[in-house]
Amino acid sequence: MYVERLELKQFRNIEHLKLDCSGELHMFVGPNAQGKTNILESLYVLAIGKSHRTRSHRELIRWEQTGALLKAEVSGKESARRLEIRLTPRGKRVLRNGVEQRRLSEYIGSLTAVLFAPEDLSIVKGSPQVRRRFLDMEIGQVSPAYIYHLTRYNQLLQQRNTLLKELGKGWGKQTALLDVLNEQLVGLSTHLWSKRFSFVNILSRWAQEIHHSITQGSESLTLQYRPLAAVEPGMDRSSMEEALTRELMQVREQEIQRGTTLIGPHRDDLRIAANGTDLHTFGSQGQQRTAALSLKLAEIELIHQETGTYPILLLDDVLSELDDGRKTHLLEAIRGRVQTFVTTTGLEGIDRETLERARIRRVHQGSISEQG
């Protein structure tokens with residue numbers, strides 16, 4: 001999958017940009033806070049339908065403007081696509097080939113992207129919430145229906161928590177409504193679990209192979225999805241439903257007292273280990289960075305396996321975070337296969353062969369100029 005052209009209007013600090021994206025490797029160079037990351041963010045928004053940096057549409061719109069426009073022409077295995085996202089302070093409109101997509105799940109997959117930024121190290125060393133978000137965003141790209149079910153789950157979770165708080169304060173005796181919400185929660189939970197188990201199983205195989213290569217065989221990487229409920233890989237959905245229904249009844253009074261849902265996919269975690277050692281708790285910084293790199297490269301292979309096309313790769317100031325060995329492995333792994341967009345404050349430490357095949361652009365205060 002390739003982005004052929006990108007156009008932005010009133011996005012972040014960019015007033016108007018038309019960018020020819022032909023070619024495999026694009027590098028955006030300049031000091032911090034000039035707008036380099038905004039370019040990669042726009043591509044991510046066009047792929048995912050939302051930003052990785054903020055939940056507010058208003059923050060994506062240039063200061064004192066009433067809206068922003070993002071457009072891209074994308075070529076894939078089947079056909080070319082015209083993607084367009086129109087942002088206002090009230091929300092967004094998403095179009096593909098000029099036709100508005102009413103649901104984000106109908107749009108996701110039009111452009112697939114893997115983003116690797118310094119903060120992605122938190123996938124390994126951060127909170128379970130970070131790892132759940134990582135799973136949700138990547139599963140959504142290969143299974144758009146997952147986004148639909150996840151959205152419904154989060155809406156239901158909010159409704160259920162509100163009811164639990166009311167019951168805990170003695171404001172209502174709507175236990176019959178809680179039973180109805182439990183039934184809906186069970187159905188959506190088992191759908192999410194099934195997808196997560198399957199995704200982690202496939203991702204683990206790719207990540208293990210890549211990690212073995214990066215560490216020259218000295219470490220074996222394993223991924224394990226760890227639900228808080230008594231469900232496990234290999235269980236059919238009926239068995240999962242029975243297990244969760246039983247556990248919800250067991251914690252019912254505790255949930256009412258605390259006013260929150262204690263069991264479900266929103267409480268789960270992903271264990272990342274090397275040679276059996278949990279890297280979140282005991283991994284060195286070097287091990288955590290290697291694991292994060294392995295996961296990102298595994299994402300690329302998994303998306304290719306599931307969709308038949310490679311995603312675009314967005315490297316946001318990540319080269320400076322990697323030592324020469326990891327940097328070399330990353331650039332070699334994507335060479336000739338993946339269209340890549342890189343931001344960096346300087347070109348030092350990047351090999352000549354990479355620079356010769358790159359289109360290099362300088363970024364200054366939201367304006368871009370091509371380097372000869």
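Figures for the structure shown
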item: Close pairs (8 angstrom Cβ cut-off, 6 or more residues apart or separate chains): within 10 Å of L6 (Cβ to Cβ) in region 58-74, open to solvent by 10 Å² or more (accessible area, probe 1.4 Å) and among the small types (G, A, S) anywhere; result: E73/A80; V74/A80
item: Breaking point among (1) open to solvent by less than 30 Å² (accessible area, probe 1.4 Å); (2) on the phi > 0 side of the Ramachandran plot; (3) without any contact (Cβ under 8 Å) to a residue 60 or more places away in the chain, for G98; result: (1)
item: Which numbered condition R205 misses (of (1) more than 19 Å from P128 (Cα to Cα); (2) over 24 Å from the mean Cα position of the chain (by Cα)); result: (2)
item: Restricting region 122-150 to residues that are polar (S, T, N, Q) and in contact (Cβ under 8 Å) with a residue 24 or more places away in the chain, the residue that is farthest from I48 (Cα to Cα); result: S143
item: Residue satisfying all of: in region 138-160; among the polar types (S, T, N, Q) and part of a helix (DSSP H, G or I); farthest from T307 (Cα to Cα) among these; result: Q159
item: Residue among E59, E73, E15, E64 that alone is open to solvent by 60 Å² or more (accessible area, probe 1.4 Å), more than 23 Å from T354 (Cα to Cα) and in a helix (DSSP H, G or I); result: E59
item: Residue identified as at pLDDT below 95 and either under 24 Å from the mean Cα position of the chain (by Cα) or open to solvent by 30 Å² or more (accessible area, probe 1.4 Å) (or both) among L228, L178, L221, L188; result: L228
item: Boolean, E332 is modelled with pLDDT under 85 and over 30 Å from S143 (Cα atoms); result: no
item: Residues (in contact (Cβ under 8 Å) with a residue 60 or more places away in the chain and out of contact with any strand residue (DSSP E or B) (no Cβ under 7 Å at 6 or more places or on another chain)) located in region 210-251; result: I210, S213, I214, T215, T245, L248
item: Members of region 246-267 found to be outside any loop (DSSP other than H, G, I, E, B), surrounded by 15 or more Cβ atoms within 10 Å (Cβ to Cβ) and not aliphatic (A, V, I, L, M), listed by number; result: E247, R252, E255, P265, H266, R267
item: Scan of region 102-116 for residues that are surrounded by 17 or more Cβ atoms within 10 Å (Cβ to Cβ) and either assigned to a loop (DSSP other than H, G, I, E, B) or in contact with a strand residue (DSSP E or B) (Cβ under 9 Å, 6 or more places away or on another chain) (or both), ordered by number; result: L104, E106, Y107, I108, G109, S110, L111, T112, A113, V114, L115, F116
item: Count of region 122-137 residues which are part of a helix (DSSP H, G or I) and open to solvent by 30 Å² or more (accessible area, probe 1.4 Å); result: 7
item: Residue under evaluation E100, criteria (1) farther than 30 Å from I272 by Cα; (2) within 21 Å of the chain's Cα centre (by Cα); (3) of a type in the set (D, E), criterion not met; result: (2)
item: Selected residue (only one of H364, H329 is touching a helix residue (DSSP H, G or I) at 6+ places or on another chain (Cβ under 9 Å) and in contact (Cβ under 8 Å) with a residue 40 or more places away in the chain); result: H329
item: Residue among R337, R289, R361 that is modelled with pLDDT of 85 or more, within 24 Å of S42 (Cβ to Cβ), among the charged types (D, E, K, R) and not in a loop (DSSP other than H, G, I, E, B); result: R361
item: Residue that is over 30 Å from L8 (Cα atoms), charged (D, E, K, R) and either open to solvent by 60 Å² or more (accessible area, probe 1.4 Å) or assigned to a helix (DSSP H, G or I) (or both), where the choices are E332, E301; result: E332
item: Unmet requirement for T290, which otherwise passes all of (1) more than 18 Å from the chain's Cα centre (by Cα); (2) touching a residue at least 60 places away in the same chain (Cβ under 8 Å); (3) under 22 Å from L347 (Cβ atoms); result: (3)
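The values are calculated or read from the model by the stated rules, or taken from the named source; none is laboratory data. As the structure is a computational prediction, the values presented were derived from the model and not from experiment. Note that each Cβ is placed from the backbone with ideal geometry, even for glycine, and that neighbours are counted across all protein chains shown. All accessible areas refer to the heavy atoms of the entire protein, side chains included, with ligands and DNA or RNA removed. Shrake-Rupley method; radii C 1.70, N 1.55, O 1.52, S 1.80 Å.
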